[in-house]
Each structure stands twice: as structure tokens, then as C-alpha cells.
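What follows is calculated from the coordinates using simple rules that are stated; it is not laboratory data. What you see is a predicted model, and the numbers here were worked out from it, not measured in a lab. All Cβ positions, glycine included, derive from the backbone under ideal geometry; neighbour counts span all protein chains shown.
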Amino acid sequence: MHKQARLRIADQAWVKWSLVSLALLVVALVLVVPLAIIFVQAFSAGAETFWANLTDEYTLSAIGLTLLVAALTVPINLVFGIFLAWLVTRFEFPGRKALITLIDIPFAVSPVVAGLLYLLLYGSNGWLGEWLMDYDIQLMFAWPGIVMVTVFVTCPFVARELIPLMQQQGREEEEAGVVLGASGWQLFRRVTLPNIQWALIYGVVLTNARAVGEFGAVSVVSGNIRGETNTLPLHVELLYQDYNAVGAFTSASLLAGIALLTLLVKSMIEWRQARQQATPAVRTDSH
Amino acid sequence: MSITLENIDKSFGSFRALRDISLEIPDGELVGLLGPSGSGKTTLLRIIAGLESANAGRILFHGQDVTRLHVRERKVGFVFQHYALFRHMTVADNVAFGLDVLPRRQRPSAAEIRKRVGELLEMVQLSHLADRYPSQLSGGQKQRIALARALAMQPQILLLDEPFGALDAKVRKDLRRWLRNLHDELNFTSVFVTHDQEEALELSDRVVVMSAGQIEQVDQPQALYARPVSQFVFDFLGHVNVLAGEIANQRIAQRDAWIRLPEAVPSGAAQLYLRPHEVRLQLHPVEHAHLPLQVESISLVGAEVRLELRPCGWDAPQLWEVGITHAEYNGWQPQRGDRCFAVPDVGHLFRPDCASPGTFYWG
């Protein structure tokens, strides 16, 4: 038995180490090196150029617009996600299962298609767009359109995080709360929210990351007006097409920085959750 | 506070969970709702609490109609099957919850709340766990905290859904006795749901037996056990030995087995139910009964020796079970495969044309 066990393939050192180094090599080539090159390129003309590129009028405006989009998208999807998760986990109604599937549509549809759909619907020649034009409301090729498609693309993140958790936790605690006299708001504030808070923060972090980085859908509805409807990802592309590689990489490094920050926050939350679950259940029987 | 249910009806889609339930629970009574799963007992409890609404019927607390009253306003205490403690709150915060969410005008001061929580934890003998979280407690402890939390609002009605269902046998017995004492001390009206007949019979002032959304029988435990009104109640309250046969000439017979009935009964198909303690075993048949059996298994654990017996020359839906004393066992020393005869002392006769049984006594 012992000899056989030693001969098991995975236990042989050279197999293990060659597999590990292969994995590391792939990770380095595919993930780490490109990421590093973004920063190398951004600083290739010196820190002063980096700073000049960063404080460029159009770059600043792109940063501002991106922040605005994120600042609107995140709260909208936070409320929407909680509401939706609450709805499908706390009530039984016809079409509930279909609704859970529908939530995933933005994940399944290519963002470009989503952008086109919005353009078709709300553009100046679109069904609703024409009617809106009569009231002098322009949604497409302006920041409201960018917010709309970003909301669409990122709307599953919060709900997707909450639904399995709330399903697993059930509604008994909420029922216990309401029997004890808690109002709807007290229930949400003191029972539901503390139970879902980490999943919620996680969902928000993901929503934010995607809202900041969304390219496809936004590029369709933005119109790429410099200083007006240009978000950071679009700005990167514009600069690159202008043969301003250093400028493009400067903006790209900002996005990469946000991504790294997101990863950091995400793993901190996961670490915290793991630690919470690992809290030993002390049994002190003294009936 | 008394509870009155009038013609309660409840459906989930096309499934009719409760049919025309009417029940009167006087002030201070401890009532057990007993039935198999799917009998509607938990639904009925949740309707009393206001967690579900009935499709038809009225609910009155102390003569006042509360049918349209929100669960929040009914001010009942409810203990959930899986305790439903707030997992992110300490034990003390759990118990304080009901007081904490009171509108500011009615809410006691923080010091007063702390004092009340202290008293409640003392009552359930868990003061030392005040700062623990629910995940750090054992099942029995959680259940007692859930009770303390429900009692914090001093409800006059306490509802318990399978309160001891998830606990092991020993803890369950202790908690049962403890709940009974608590009920007698604080004198609220309690309704609890259980599928354990022993629990229902031991704990309740009255037992409500339910099946398929209907009430089969409401009675005190002794009366319920002595005079079950239907075959369902009979089957549900422990093992019964059945002789299904034809009645003719004041005798019920099936192939080799027959019992002479002490009084005249119209002929036709019938079933005679005999409880394990209403039957004796002998090595020879007696004049009024001939029920040949063969010993199938012997269980020595417990206050009496339980024998499982297979009918010889006749059929029964289940093996017969008869209890004999350890003294009888030692005198007789039965082995697997030994033959013997059952002698009925008390029997309950069910005939297709009448719902309730006729009870006979021999000897």
C-alpha cells in the first residue's frame, strides 16, 4: 500500500514543480507582464509628462464623467439590486423563476448589443427618442445615455450576490422580527441589512469596477465628444488613435489602478467573511 | 387571553391546507396541535400569529376580532422551529429586540431594558451567555433564548412551532417539563405544534389532532387516548393491532382467527383495533378468542418487554405488538418462532357505516 501511495503521479516532485512553474509562467505572460507594461509605458516619458497627461483638460473631463457615471450607477443598482433580491427571495409569485433568469440578461448580451438597443430605442430616430425630442430631451450622445447603458450592464452584480445568500438565510429571522413588533424599516435596518452587508459591499465593489471600466455599450451611445461625453475607457482609445501612446497609457494606468484597488477590497471582504465563518461554535452544554 | 377560531379556511394555490377549522381555546390553557406533516397544523399556528392570512373565517383574541390585525399588532409570542435567532446580535440583544423596537414613547429606558433582559436570561438560566452569539450556543440553549425573546414582550398568547423538534431526546424531555412549569407559573395561553404524540399527550391540557387540513378530535390527553373517535386518531396515537374480518353470529372472524364479541353487532365487514396493552398472551386459546401468533422479535429494553408477533393462518396489515412484564417474560421465556395466542381485554370496533368505534370489554 505504502509503495503504491508513493507512486501516485501527483506526489512526484518533478510533476508538481513543472505544473506549478507552467502555471506561474502563463500567469506572468498573460496577466502580470501586460499589467506592469501599462505602468512602465505611462511613466516612459518621465513623471512630469505623466502628470501633464493626467492634468490635461480632456483627461480631467473624462475622469470627471467616469466618476459621475459611477456615482449615479452604483446607488441606482444598489437600490434596484436589494429590491429585486428581496422580491424574488421573500415572495412567491407567478413568473418569479423567469425574473431570476431575466436578471442575467445583461451578462448574457454583448455590451455593444445593449448599447445599440438603447440607441435604437432612445436615439433621435428611435421610438421613444422622437417623442423625447419633441420635449427637447436628448438622452443619447449625452451623459444620461451613458449612465443608462452602464446601469443596464451592471445591474445584475448586486442582485446576483444577494439572491443566493438571502435564499439560504430564509425569512424566519424577519418573521421573528415582525412578530416582535418591528416596523418594515426597522426590520430592514436591524435584521436584513446586517445579515447581507458583506455580500452587498461585494456587489457594490463589482458594480463600481464595471461601471468605471465599461467600454462597449458606452462607446455606442457616447458619440465620443471630447471634453463632453468621453469616459476614461473611451479616452484611452481616442488618445491611442491620436498616436499619443504615453497619454493613452496614463489614462489606462488610472483604470488599472482602480482595478487593483477593487481586487484588494474584494479579497479583504472575502478574508473577513472566511474569518467570520470560521468562528468556532463553542458548545457549552448546561441544560 | 382566550383564542377563538371560526371557520378558518386556507388554500395554497389549488392545495387546500385548512378546511373549515373552528376551535375554542380558553384563557390559560396549553394546547397541542398534533398531526402528521402536511396536516395543516403549522399553517393554523401561523394564521393565529398573523404570519399567514386565512382565505375565510375569523380569529378572535379574548372576544375581539383580530382577523384583519397585522402580525405586528397582535402582540403574540412566537417561537420558531429553528429558533430564528438574529445571528448577528448577541444573546442579550436578541432578547432585547422586542423592547428596542418599541416606539420611543413606549420604550423603556436603556437601563430598564438591560434589567428586563437580565431577568429573562435568569428565568431561562442562561445569564452567563448574555454576550455570546447564537452560533456559539447549543440547540437547547438556542431554544431557551428564543423563548426568552418571545416572553420579553410579556405576551398573553405564546405560540410554538415544533419547539423541541430539532433537539435530542434527553434535552427535549427536560425542556418539555421546563416549559410546562413556565406556563403554569406565568399563566399565558399557549398553543404548540408537534408531530410527536408522546410530547402532545404529556405536555398539553388538551390535544387537537389534525389530518388533511381538518380537526379529527379535540380532547384531554387521557380521554383522547382512551376514546379515539376515528381510525386516523387511533393509528396516530401509537401502535395498534388490527383484526380485519367479517362479523357473523356475534363473532368477528378471518380465516383461522376469530373473537366472540360480548354484545350483538350487525353483520358485515369490520375492523377490530386492539392496543398493545389491551391484549394478553397465553400458550392456549381461551373460550372467547382464537388468535394464533408466532413470536417474531423480542425487545427487552424499557419498562416492559415488547414482542412482535406474526399472525398464523390469518393476515394483519402490520405485525402485532404486545407488551408483557419482565416477570411474565422470565416465567415464560419465549423464543423466536414460539407459538402463542392473543387474548383481548379491550377492543375498539370500526364498521364502515359508522365513523366512531364501538368499544368492547371482555372478562
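From Cα coordinates alone, what are the radius of gyration and Dmax values for segment B:239-361 in angstrom?
14.3, 44
Obtain the nm distance between the two label points defined at A:Trp127 and B:Leu186 by a simple spin-label model: each point lies 7 Å from its Cα along the Cα-to-C-beta direction.
So the two model labels end up 6.0 nm from each other.
Of B:Ser37, A:Ser253, B:Ser299, A:Ser61, how do they rank once you tally other Cβ atoms within 10 Å and put the fewest first?
If I rank by nearby Cβ atoms, fewest first, I get B:Ser37, B:Ser299, A:Ser61, A:Ser253.
Nearest 20 debye, what's the magnitude of the dipole of segment A:1-123 about its Cα centre given +1 on Lys and Arg Cβ and -1 on Asp and Glu Cβ?
940 debye
Kindly provide the helix-only [θ] at 222 nm of chain A, computed as the sum of -39,500 (n - 2.57) over DSSP H runs of four or more divided by all residues, to the nearest 500 deg cm²/dmol? Don't skip to the answer; put the middle values down first.
Numbers: 17 runs with 212 residues, N = 287.
Roughly -23000 deg cm²/dmol at 222 nm, from the helical runs in chain A.
Chymotrypsin sites (Phe, Trp or Tyr not before Pro), restricted to segment A:34-67: which are DSSP loop and have at most 15 other Cβ atoms within 10 Å?
In loop regions of segment A:34-67 (DSSP not H, G, I, E or B), the sparsely surrounded chymotrypsin sites (Phe, Trp or Tyr not before Pro) are A:Phe43.
Please report, for the Cα atoms of segment A:41-272, the Rg to one decimal and the Dmax as a whole number; what are they, in angstrom?
Just the Cα atoms of segment A:41-272 yield Rg and Dmax of 20.6, 67 Å.
Cα atoms only, the protein assembly as shown: Rg and Dmax in Å?
So, for the protein assembly as shown, Rg and Dmax equal 36.1, 117 Å respectively.
Which one of B:Leu126, B:Val171, B:Thr189 has its Cα pushed farthest toward the positive end of the charge dipole of segment B:3-227, where Lys and Arg give +1 and Asp and Glu give -1 at the Cβ?
B:Leu126
What does the charge count near B:His288 come to, summing +1 for each Lys or Arg and -1 for each Asp or Glu among other residues with Cβ under 10 Å from its Cβ?
That sum, taken over residues with Cβ under 10 Å, equals +1.
For A:Thr55, put the label point 7 Å out on the Cα→Cβ axis and report which residues of segment A:235-252 keep their amide N under 17 Å from it.
Backbone N within reach: A:247, A:250-251.
Quick one: the Cα spread of segment A:128-261 along its three principal axes, in angstroms, biggest first?
Computed over segment A:128-261, the largest-to-smallest principal extents equal 65, 44, 19 Å.
Would you tell me the mean number of C-beta atoms belonging to other protein chains that fall within 10 Å of each C-beta in B:143-150, as a whole number? Could you put the intermediate results ahead of the total?
On the way: counts 1, 1, 0, 1, 0, 0, 3, 3.
Partner-chain Cβ atoms within 10 Å, mean over residues of B:143-150: 1.
Can you tell which of B:Pro134, B:Pro285, B:Pro36 shows the greatest fluctuation in a Gaussian network model of chain B with Cα springs below 10 Å?
Top of the fluctuation ranking is B:Pro285.
Compute the distance from the alpha-carbon center of segment B:176-251 to that of segment B:101-174, in whole Å.
Their Cα centres are 29 Å away from one another.
In segment B:66-162, which trypsin sites (Lys or Arg not before Pro) are in a loop and have at most 12 other Cβ atoms within 10 Å, using DSSP for the loop call?
Those that pass, being in a loop and sparsely packed, are B:Arg68, B:Arg104, B:Arg105.
From the helices alone, meaning DSSP H stretches of at least four residues, give me the mean residue ellipticity at 222 nm for chain B, per-run term -39500 (n - 2.57), in deg cm²/dmol to the nearest 500.
Value at 222 nm, helices only, nearest 500: -7500 deg cm²/dmol.
Return A:Ile196, B:Ile145 ranked ascending by Cβ neighbour count within 10 Å, so the fewest neighbours appear first.
On the way: A:Ile196 21, B:Ile145 25.
Sorted ascending by nearby Cβ count, the order is A:Ile196, B:Ile145.
What's the percent breakdown of Cα-Cα distances in segment B:3-227 across 10 Å bins, shortest bin first?
Percent of Cα pairs in each bin: 8, 33, 35, 20, 4, 0.
What is the distance, in nm, between label points placed 7 Å from the Cα along the Cα-to-Cβ direction at A:Gln167 and at A:Gln186?
Roughly 3.2 nm, to one decimal.
Please compute, for peptide B:64-76, the average count of beta-carbon atoms on other protein chains lying within 10 Å of each residue's beta-carbon.
Taking the mean over all residues of the peptide, I get 2.
Can you grab the distance from the C-alpha centre of segment B:267-285 to the C-alpha centre of segment A:117-171, Å, no decimals?
76 Å
State, to one decimal in nm, how far the label point of A:Val30 lies from the label point of A:Lys97, with both points 7 Å from Cα in the Cβ direction.
So the two model labels end up 3.5 nm from each other.
Using the alpha carbons of segment B:300-344, what is the convex hull volume per residue in cubic angstrom, as a whole number?
Taking the convex hull of the Cα positions in segment B:300-344, it is 94 Å³ per residue.
Restricting attention to segment B:216-285, which GluC sites (Glu not before Pro) occupy a DSSP loop and are surrounded by at most 11 other Cβ atoms within 10 Å?
Passing both the DSSP loop test and the Cβ count: B:Glu263.
Size of the dipole of the protein assembly as shown about the Cα centre, Lys and Arg at +1 and Asp and Glu at -1 on the beta carbon, nothing else charged, in debye to 20?
1100 debye
Peptide A:169-175: average number of partner chain Cβ atoms within 10 Å per residue?
On the way: counts 1, 2, 2, 7, 9, 2, 7.
The mean count of partner-chain Cβ atoms within 10 Å per residue comes to 4.
With charges only on Cβ, +1 for K and R and -1 for D and E, what is the dipole size of chain A about its Cα centre, in debye, rounded to 20?
1480 debye
For chain B, what's the relative contact order in percent, using C-alpha pairs closer than 8 Å and at least 6 residues apart?
15 percent
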